[in-house]
Amino acid sequence: MCDEAFSSIDIVHQCLIDESRTTAFARAIKKLVKKGDIVIDAGTGSGILALFAARAGAKKVIALENDDFVAEITKKIVADNGYEDIIDIKIGDARNFNFGKIKFDLVIMELLTTGMIDEYQLEANNNLHKQKVIKKSTIFIPSRVETFISLVNAQFDLYGFKMKMVKHLWNNLSENQKYDIISNEKALNLIKFNNRNKQIFKSLVSLKPKKNGKVNAILLRSKTYLSKGISLSDTETFNAPVIIPFEDEFVVEKNKNEKIKIQYEFGKGYQTFSTRKK
Ligand SMILES: C[S@@+](CC[C@H](N)C(=O)[O-])C[C@H]1O[C@@H](n2cnc3c(N)ncnc32)[C@H](O)[C@@H]1O
């Protein structure tokens, strides 16, 4: 039994009422689900994306959720809306769930954070490929996520203390999240879900300072592609830009390129390792 039931249902509800996020998924699902499709919605939460798929004509939707408290609520929501014959709520971890012999026409998965530094979308997606439930023709919503990096000087001082930590720059908490962008921005990685992907990401990126200044962190931003013509950058609950501090700050000169080594395991990005290569 989940002992953090209150907080997990709160996050699920916040996602649900984040209209720019949820309606973008609704449009992509309406566009891509075909009558008779077999669909997986991994990390179903409130079940809203599974409901959109059922309404769009899916024959069967496996809606997988690892939080049993959330799953019980979602079962009732599905029944209240008369979709219990189509949407099958299963409790389990999408990273190792055994789907049996089924093949999915369409995969819906919203377990996303910027750069996939936390949440387990990549591992859960790799599990689908490993279990061989994906066909050549399987469609993925989202289909890919692109992440960008720049150098910043971020404010970590709060209430008179130095509070150096990873921060998500949520729109509604933008006060006290001040930062100055020091360099240009470059693409860091592009993850496509129709493939199995490596769990560890490593790169050496060269960034050009736009001014002289001190750098103490990297800034990551992501853009998520749901379907042709429908993409999402940051919304109230989705893809907030993320600041990850360097161990030590350093001084940069305008136009003098800086090489940054970056390495992290998707889903465990709080241990992101980024250093300046001299
Ligand atoms: C960000 S919410 C999104 C909910 C819903 N997909 C939506 O778009 O509104 C992510 C949901 O996935 C569930 N979840 C997270 N990791 C999971 C995992 N490894 N396996 C199954 N469910 C997971 C969480 O409990 C939560 O309900």
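The values are calculated or read from the model by the stated rules, or taken from the named source; none is laboratory data. The model shown is predicted, which means the values in this text are computed figures rather than measured ones. We place every Cβ from the backbone using ideal geometry, glycine too, and count neighbours over all the protein chains shown. These area figures cover heavy atoms from the full protein model, side chains too; ligands, DNA and RNA do not enter into them. Shrake-Rupley method; radii C 1.70, N 1.55, O 1.52, S 1.80 Å.
Residues whose amide H falls under 5 Å from that of Ala63, counting only those 5 or more places apart or on a different chain, are Asp41, Asp88, Ile89, Lys90, with hydrogens built in the peptide plane.
For the chain, with all protein chains in place and a probe radius of 1.4 Å, 50% of the accessible heavy-atom surface sits on carbon or sulfur. Between the residues Leu151, Asn172, Val133, the greatest Cα displacement towards the positive end of the dipole of the range 98-180, with unit charges on the Cβ of Lys, Arg, Asp and Glu, is found for Val133. Think of a 1.4 Å ball rolled over the protein heavy atoms: the range 135-259 then has 56 Å² of accessible area per residue. Remark: the range 162-170, residue by residue, has Karplus-estimated 3J(HN,Hα) of 8, 10, 7, 7, 5, 10, 9, 8, 5 Hz, where x stands for each Gly or Pro and the curve is 6.51 cos²θ - 1.76 cosθ + 1.60 at θ = phi - 60°. Per-residue 3J(HN,Hα) values for the range 145-151, derived from phi via the Karplus relation 6.51 cos²θ - 1.76 cosθ + 1.60 with θ = phi - 60°, read 10, 10, 10, 10, 10, 8, 9 Hz in sequence order (x marks Gly and Pro).
Using only the Cα atoms of the range 1-141, build the gyration tensor, take square roots of its eigenvalues as a ≥ b ≥ c, and label the shape rounded, prolate or oblate: rounded if a/c is under 1.5, else prolate if a/b is larger than b/c, else oblate. The shape class here is rounded.
In the chain, the longest principal axis of the Cα atoms and the axis of helix 68-80 are about 50 degrees apart.
Ranked from the most accessible area to the least, with a 1.4 Å probe and all protein chains present, what is the order of Ile117, Ile17?
Ile17, Ile117
Overall shape of the chain was characterised from the C-alpha gyration tensor. The equivalent ellipsoid obtained from it has semi-axes of 37, 20, 16 Å, in decreasing order.
The HN-Hα couplings worked out from phi for the range 255-263 by the Karplus form 6.51 cos²θ - 1.76 cosθ + 1.60 (θ = phi - 60°) are 6, 9, 4, 10, 9, 10, 8, 10, 8 Hz, whole numbers, x standing for Gly and Pro. A 1.4 Å probe run over the protein chains yields, for the range 31-131, 41 Å² of accessible area per residue, whole-number rounding. When the alpha carbon gyration tensor of the range 144-277 is reduced to an equivalent ellipsoid, its three semi-axes come out at 24, 19, 15 angstrom, largest first.
For Lys162, the lysines whose Cα comes closer than 18 Å to its Cα, not counting residues fewer than 8 places off in the same chain, are Lys178, Lys214. Distant-in-sequence amide contacts of Ala154, defined by a placed amide H-H separation under 5 Å and a gap of 5 or more residues or a different chain, comprise Asp180, Asn216, Ala217.
Of the residues Ile48, Phe238, Leu106, the one whose Cα sits farthest towards the positive end of the charge dipole of the chain is Leu106 (charges of +1 on Lys and Arg Cβ, -1 on Asp and Glu Cβ, taken about the Cα centre).
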